[in-house]
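Here the structure is laid out as structure tokens; the discussion comes afterwards.
The values are calculated or read from the model by the stated rules, or taken from the named source; none is laboratory data. Here the structure is a predicted model, which is why all the values come from computation and not from measurement. Cβ coordinates were reconstructed from backbone atoms using ideal geometry, including for glycine residues, and neighbour counts include every protein chain displayed.
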Amino acid sequence: MTYTKRPPEQTPAAGPTEERATIRVAVATLGCKVNQCESAWIAEALASPGVTVVPFDQEADCYIVNTCTVTQQSDTQSRQLIRRAVRRNPAAAVFVTGCYAQRAPAEIARIPGVSVIAGTAEKEHLPDLVRQLSRGQEPRLLVGDIGTTRGFSRLGATVFPDHTRAFLKVQDGCDARCSYCIVPAARGPSRSLPPEEVVQGIAALAGKGYREVVLTGIHLGAYGRDLAPPEHLAAVIRLCAETGAVERLRLSSIEPREVTGELIDLLASSGVVCRHLHIPLQSGDNGILAAMRRDYDADFFRDLVRRLHDAIPGIAVGIDVLAGFPGETEAAFANTLRLVEELPVAYLHVFPYSRRPGTPAASLPGQVDAGEKKRRTAALRLLAAEKRRAFATQFIGEPLAVLVEGRAEAQTGLALGFSDNYIPVAVHGDAPTNRVVRVTPVSWRDGRLVAAGTADDCGLPGCAG
């Protein structure tokens, strides 16, 4: 969950007269990087005379809740945020948008105090709706048929307050039909930002001082298939890297079958594209993968990870794993544990299976009870902690390029940053914020490497210097 803060450099201080006329707006976000990117755009578009963006925990005249619906817990958290906004200021207008708003607007409309429910395609109109602020007796529903949407929504911020890493949405929607996933119904078909606009977007973010840009999407590997002529993800990444506009490019999640030889070669040879891929596994059992409607098996995934490590020394491969899918027996779960144990992965994101109405998996036999899902999730998260430590500690004594992302903590004198292969690293407080520096990790403490020594020009992968 993230709260969007006011970009201070874009909103001038108001005098007493202006303050009374200013609409105070607070934005909260649940879910993926695409949602966070779109919320940042909303906050940036709102920051103008007459509107002040304030933290979500402050009293506001309007609250915007950008929801997620990937799990039942996401729905619950979305409702909690909506009710929290209503309690904080019962007189405020409460706007609800995002994937939960698209999927279940009638559920949201039953929450007292909701003013506007805006679907996925209608999200970009929120800044104008806020400026026309009014409250009616009944919630206003602005939710269209996302399945017919073909245009790419260019919601993308050029300022990410309190971040040294920026996100650029280059793809939206999903044409896959995994049996457990509701996202295609909430996001619509796959759409892509044209390559020239991707390049322009990266240049604009670099011009604002960002050293790293993360290319993100709902189904990133499908980038370009809808364009005329069709484009490919690796080709647009190579184009962006060759411009030299930004020191680092990082990719968000990509499907296993979409990690092409061209993409692997690019990660191996480029000093700009980070040595880091997040690739959903979901299960290590072939029967469960087939029931999930995934288009690979365990052997394919195992070979892919090994191929990546052979081609790109030091690469971080992160994976998603889903515990307790319908029909997952003890033997099937053991297959997942065994595969994850043997894979040289850097970290895991572990989720218990969430039964989503409207998905094929919701009606499958063999639903796993909540207690068993919790046990399996705990076992995977314990393994995840071991994997994260094992991957990171192999770099103790080895130089790493780290983007310093924050000021030093008062109690430790250390600032936190991330290496190009996505390891959290604590560095000495005299390291310059928003610079890529050379560091040498000396220990592992509190879930991160602790490094000694910095230099401005490092000459390492992920350090354009």
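Structure notes:
- Residue ranges of helices (runs of 4 or more DSSP H) in the stretch 251-363 with at least 3 members of a type in the set (Asp, Glu) and either closer than 26 Å to LEU233 by Cβ or in the same structural domain as HIS219 (by TED's automatic domain parsing) (or both): 298-311, 330-342
- Residues in the stretch 438-462 that are out of contact with any Gly (no Cβ under 8 Å at 6 or more places or on another chain) and either at pLDDT below 70 or not basic (Lys, Arg) (or both): SER443, TRP444, ASP446, GLY447, LEU449, VAL450, ALA451, ALA452, GLY453, THR454, ALA455, LEU460.
- Of all residues in the stretch 109-120, one or more are in a loop (DSSP other than H, G, I, E, B) and crowded, with 21+ Cβ neighbours inside 10 Å.
- Within the stretch 243-268, being surrounded by fewer than 16 Cβ atoms within 10 Å (Cβ to Cβ) and either within 18 Å of the chain's Cα centre (by Cα) or at pLDDT below 95 (or both) holds for THR243, GLY244.
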